[in-house]
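Asker: Handing you a structure now.
Nothing in this text is a laboratory measurement; each read-out follows from the coordinates by a stated rule. What you are looking at is a predicted structure, and each value in this text was computed from that prediction instead of being measured. No Cβ is skipped: glycine too gets one built from the backbone with ideal geometry, and neighbour counts run over all protein chains shown.
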Amino acid sequence: MIFDWLSSLIGNEIIAGIICACLPLFLFILPFALVAVLMERKVSAHMQDRLGPMRTGYHGIIQTIADILKLFQKEDIMSNEVDKPLFNIAPVLTFIGSYAAFAAIPFTSNFIGTKLDLGIVYILGVSSFGVVSILMAGWSSNNKYSLLGAMRSAAQLVSYEIPTFLVVVTLITVTGTTSLLNLSEMQTGHFWNWMILGGPGLNLTKFLLIPFMIVGAVIVFISTLAEVNRTPFDVPEADSELVAGYYTEYSGMKFAMFFLAEYANMFAVSAIVSALFFGGYQSPFGYLGNLLGVSWLVPFEQLFWFTLKGCLFVFVQMWLRWTLPRLRVDQLMTLCWKYLIPFAFANLLIVGLLVVL
Amino acid sequence: MIKQYFLNTWSGIWTVLVGMKITFKHLFTPSVTIQYPDVKVELPERSRNRLYVNMDDCIGCDQCARACPVSCIEIETVKSVPGDEVGKTSNGKKKALWVTKFNIDFAKCCCCQLCVFPCPTECIKMTSIYEFSEFERDNLLYNFATLTPAEVDEKKDSYAKLEAEKAAQKAAAAAEPKPVAAPAPEKPKEESSNN
Ligand code: SF4
Ligand code: SF4
């Protein structure tokens, strides 16, 4: 555990705690956001046969840094009619919501914010923080587009939490644990031990579980995609209808805050999907460190695999974004209530039966 | 009913996969972007951009200014006085006018090319320059005349003098119609040689 190590190094639990809390932000989220924003632009550009940013650095690789510098310099515009306290709190709260989720995400076997036994439940809990802050932002902006976006967002997030939770419950019935760390530990070894392929062990149940696990993975991917408001589920920010949805009125650093939260969220849900179904930080082929007998190499390998899997899912999210058009609000609800929830529910029942038998 | 439901689900998943396949293919197709300021597309042969006037050939006939639908060419000319060497056009004709002002306002020019056709010496023509934006609109007023203001004043003065002499001569001729052309021709010659 990184916290124990730090507190023994510094000798003060509070400072160690603070450092430990900041680590994922500075080591992970900020660099990730830098890379992800550029990746998003490059992926979108190449999918449309364009080139994307090309002029800042080689193939535009420092474009995001330039953008951030620009956002730093921008004036913080606030209209007279906004509800000032709420307006100022909302972006911070959005970021807190998405950052809090990182506390329970296992980056490697010994780098996890807190060894929470209820990890996945906690993550689902704090992710609904997003609804509150989005509603806050929409309401306090005093702008019809912002409010419309916020209302849509609330409806969407609340509905899509249900299929996510149903699939998570399915997993809990199979594995019997709610801690993401334990869950990842269980899927150690090789990729055939991943939950998507029925989990560890070698018996009939494992093979029977495979199709249901795949259905579960698809459902949880779709519903988490909807929870982070990405296209095709971006009705809350629908640029072509609502300007920018709930953050229409924001500018400068507050806008950047929403942006950072969005990318942090993208990675968080990708990490959750990979931790639930794709082995989390576990390598699919065993560890080089174990093979060579250098045990300190293992956590770094784990971090590598974790980042790789996360980025892969983030890439799939971007890929979907540039493939699918936005759903209408009623289609969004149809998808959730008429398709995802029944499927997730049937999945839960069948998996439960299989596990009991 | 139930069958339709599963068919819907299946077609939903399938069409998304088809779409993803298409976008994935496009991820690797070479992009069509032209890196504009670095790479420029060759312009079509008869593209119309900024005008250029070759003042060596311009005879100051004002045809172009009259053809222009938006009146953005402004020409002023002064007749040369006898003895002045205005120069020759490239096809060997002698020029008779000093072009003291030749302004084209590219802020107004609509690039219609109508001024190019009437030019008798083909000295006003289209170039392939199209990047000439300016921050001040006044900077778009291009001056093609080659004479300096001092020279312009000089030409104007000499022409005015010539005119004045002619007028004086005429007046003199009108005043005394009988001694027809005896003393008159001597005077202007002296004056013009002074210039
Ligand atoms: S191109 Fe057309 S608008 Fe421009 S100067 Fe010639 S006649 Fe006038
Ligand atoms: S038509 Fe040609 S020669 Fe005549 S004034 Fe214009 S540019 Fe000069």
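Asker: Going by the structure shown, is residue A:250 over 25 Å from residue A:347 (Cβ atoms) and assigned to a helix (DSSP H, G or I)?
Answerer: So residue A:250 does not fit the description; no.
Asker: Shifting gears a bit: Restricted to the range B:101-116, and to residues that are touching a helix residue (DSSP H, G or I) at 6+ places or on another chain (Cβ under 7 Å) and under 19 Å from residue B:47 (Cβ atoms), which residue is farthest from ligand 2 (Cβ to nearest atom)?
Answerer: Among those that are touching a helix residue (DSSP H, G or I) at 6+ places or on another chain (Cβ under 7 Å) and under 19 Å from residue B:47 (Cβ atoms), it is B:106.
Asker: Hey, among the residues in the range B:121-159 that are within 18 Å of residue B:77 (Cβ to Cβ) and exposed (fewer than 12 other Cβ atoms within 10 Å of the Cβ), which one's nearest to ligand 2 (Cβ to nearest atom)?
Answerer: Ranking the candidates gives B:143 first.
Asker: Something else about it: Quick one: which residue in B:31, B:90, B:71, B:80 is polar (S, T, N, Q) and at positive phi?
Answerer: Unique residue meeting the criteria: B:71.
Asker: I'm trying to understand the selection: among the residues of the range B:117-165, which are of a type in the set (Asp, Glu) and not in a helix (DSSP H, G or I)?
Answerer: Those that are of a type in the set (Asp, Glu) and not in a helix (DSSP H, G or I): B:122, B:131, B:134, B:136.
Asker: Another question, then. Quick one: would you say residue B:69 is away from every other protein chain (no Cβ under 14 Å), within 16 Å of ligand 2 (Cβ to nearest atom) and touching a residue at least 12 places away in the same chain (Cβ under 8 Å)?
Answerer: In short, yes.
So that you can scan it fast, the table gives a plain yes or no per residue for (1) in a helix (DSSP H, G or I); (2) away from chain A (no Cβ under 12 Å); (3) surrounded by 12 or more Cβ atoms within 10 Å (Cβ to Cβ):
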position: B:5; (1), (2), (3): yes, no, yes
position: B:14; (1), (2), (3): yes, yes, no
position: B:21; (1), (2), (3): yes, no, no
position: B:26; (1), (2), (3): yes, no, yes
position: B:42; (1), (2), (3): no, yes, no
position: B:47; (1), (2), (3): no, yes, yes
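Asker: In addition: Only residues that are surrounded by 17 or more Cβ atoms within 10 Å (Cβ to Cβ), in a loop (DSSP other than H, G, I, E, B) and of a type in the set (A, V, I, L, M): list them for the range B:49-85, please.
Answerer: B:59, B:81
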